[in-house]
1. Just the residues that are surrounded by 12 or more Cβ atoms within 10 Å (Cβ to Cβ) and hydroxyl-bearing (Ser, Thr, Tyr), please, taken from segment 39-71.
2. Pick from segment 96-146 the residues that are β-branched (Val, Ile, Thr) and in contact (Cβ under 8 Å) with a residue 12 or more places away in the chain: which of them is farthest from Val63 (Cα to Cα)?
3. Looking for whichever is over 24 Å from Leu120 (Cα atoms) and part of a helix (DSSP H, G or I) here; the options are Ala81, Ala61, Ala57, Ala68. Which one fits?
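The values are calculated or read from the model by the stated rules, or taken from the named source; none is laboratory data. Source: prediction; values computed, not measured. With ideal geometry, Cβ positions are generated from the backbone for all residues, glycine too; neighbour counts draw on all protein chains shown.
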Amino acid sequence: MNGNVYNIEDRTRRTVPERSLAEILQEVKNEFIDFVETRVAMLVSEMREKTQEIKAAAPLAVVGALFAVTAWLLLTAAIVAVLTVAFGSSAFAPFIALVIVFVAYAVIGAGCLWMAFGRLKAQSLMPERTMNVLKEDKVWLRNESRQI
């Protein structure tokens, strides 16, 4: 030993295999493609789940709309019956029957519509998980770009 604390000759020099610019760009391109494919797959999966919720609520909305339209038609028929009774000396039996059916259909229609819209309101159509991951990616990219 020659007394030099910093004996450079004794150190083994590590060599880092040098890569060409083309190899580095190819790796970055492949990572970017994987990144985009992962995010697109996540978005498709989440939108498929949202579509399932809409498909579950749609029949209730259709039934509710059907009963609501029927209720409107029966209300119209009830008004016609009232006017008929008001101008005629016939019995109130047809009017009472129409009102009872109207109330029953209106309650059923309103209940179905209320349940359908409640399900849709509870489920946001925004792909929340995908948006959260993209926000995290944005923060990560900012931090990485600051280190460069």
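1. Ser45, Thr70
2. Restricting to residues being β-branched (Val, Ile, Thr) and in contact (Cβ under 8 Å) with a residue 12 or more places away in the chain, the top hit is Val133.
3. Working: Ala61 fails: over 24 Å from Leu120 (Cα atoms); Ala57 fails: over 24 Å from Leu120 (Cα atoms); Ala68 fails: over 24 Å from Leu120 (Cα atoms).
Ala81 is the lone residue from the list that is over 24 Å from Leu120 (Cα atoms) and part of a helix (DSSP H, G or I).
Residues are listed down the side, and each one gets a yes or a no for (1) at pLDDT 75 or above; (2) part of a helix (DSSP H, G or I):
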| site | (1), (2) |
| --- | --- |
| Tyr105 | yes, yes |
| Ile108 | yes, yes |
| Arg119 | yes, yes |
| Ser124 | no, no |
| Met131 | yes, yes |
| Glu144 | no, yes |
